Amino acid sequence: MRIDYKISDKFDFKIFLPVLILNIVGLAAIFSATLNNPQAAGNFEKQLLFTVLGYILFFITYALPTNTIKFISIPTYIISLFFLIIVLVIGKKVSGAKSWLGLGSFGFQPSEFAKIATILLLANFLTRLNNNIDSFKDILIALAIGFIPIGLILLEPDMGTSIIFFSFILIVLFWKGISLLGLFVVLSPGFVAVASLFGSIPFIASLILVLVVLFFFKRDLFFNGSVFAINLAAGFFTDNLYNALSPHQQARIKSFIDPMSDPLGSGYNSIQAMVAIGSGGIFGKGYLQGNQTQLQYIPEQWTDFIYCAIGEEFGFIGAMLVLSLFLIIFLRLLNIASSTKDEFLSLVIIGIFGVYFTHFLINVGMVIGILPIIGVPLPFVSYGGSSFLLNMFMLGIVLNIYRTRKNYA
């Protein structure tokens, strides 16, 4: 009993075991989704290889000195920006986005690496602030750290990954203790940007609302003018970005509002995904027996739509098992972040939580038809080498912090 206590005191099985089960479920679902698809030949074997590499990376990261995490924050951020620039020049297009660097038969997605790099530098900067993040200058610097990679990713263009970045940045700032005014400064450009997609009248109305809120906070003219200028720029930038998107990416946004408007085109995946989930019933159709999965009604189901295969073949029980495992992981991450006394390490964990949670929320949401289809994988479950390696690297950081948490208490 004493040995078990010592092991559990250094290694958090409460988060590792749910991840391991999700990984096993994911491999089973990938095997099923690729079984009868010649285009996916070899994908299951590739994922097995990345799984082995991922766990090796996890244990290496777990064993590193914890202070290494802060030491590498600046160089990793610079390297990540370098790769994001390189991919715009020599990257290859996948699904309309120039976001991959080819490495033989394998591919590397720099935006995945940029996620943890941005989290580390943002946590490093916020830790240097004595109090909560309140000043306009501090908010702008924090946003610049996050929005530089976002801007490069939007140039690919990869809207889904950009949303992931914005979400975890917001979660980290909230954890730091950003004021209500600061939260408005961060959120309002996104609100205006979305409004601009619906036409000139919603765009103008959103700007008027921003002015009303700024008047309510009663700040000086320079501050109000700066915030309004940022919102105005966000609206024009989003409108121009939308016009620059490829037709299929624009169609994805339109199909979110009404998938039935183009059931054989942009709304096809959304409709078929909901059919697959609904047809599974309580217990599912049985492993390797799903019609939607085995007959390839959903293109590339082993990636962003892997949850469909689970829902169809394992039913409501299998789908709820996956949701329950993610809930355990999220609660455990919040618990570790709350109990970690070192602010930098706590912010890093909450940033990792933000990445996992946003991926989960968007992926499951788009599969069941409540969110747009923007191409976001399900952590630890979907096929994908870059994303799996990043997820295991981040998990290694979390358990590394857990291992040495008493040293910083």
For Ser386, are the conditions met, namely being over 19 Å from the mean Cα position of the chain (by Cα), within 18 Å of Phe168 (Cβ to Cβ), surrounded by fewer than 23 Cβ atoms within 10 Å (Cβ to Cβ) and not charged (D, E, K, R)?
no
Output for Cβ contacts, cut-off 9 Å, separation at least six or different chains, first residue free of Cβ contacts under 8 Å to residues at least 12 places away in the same chain in region 77-92, second small (Gly, Ala, Ser), reads Ile78/Ala117; Ile90/Gly102
Discussion item. Going by what's in this entry, would Leu101 be described as open to solvent by less than 30 Å² (accessible area, probe 1.4 Å), without any contact (Cβ under 8 Å) to a residue 40 or more places away in the chain and over 21 Å from Phe353 (Cα atoms)?
Written reply: yes
All-but-one check, Leu361 against (1) closer than 14 Å to Pro18 by Cβ; (2) without any contact (Cβ under 8 Å) to a residue 24 or more places away in the chain, failing number (1)
Taking region 186-225 and keeping residues closer than 27 Å to Asn243 by Cα and among the polar types (S, T, N, Q) leaves Ser188, Ser196, Ser200, Ser206
In the set Val381, Val348, the lone residue that is open to solvent by less than 10 Å² (accessible area, probe 1.4 Å), touching a Leu at 6+ places or on another chain (Cβ under 9 Å) and closer than 18 Å to Ala33 by Cα is Val381
Counting only residues that are over 17 Å from Ile204 (Cα atoms) and open to solvent by 40 Å² or more (accessible area, probe 1.4 Å), region 219-234 contains a total of 4
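The values are calculated or read from the model by the stated rules, or taken from the named source; none is laboratory data. Note that the structure is a prediction, hence the values are computed from the model and not measured. Reconstructed Cβ throughout: ideal geometry from the backbone, glycine too, with neighbour counts over all protein chains shown. Accessible surface is based on the protein model in full, side chains and every heavy atom, while ligands, DNA and RNA are left aside. Shrake-Rupley method; radii C 1.70, N 1.55, O 1.52, S 1.80 Å.
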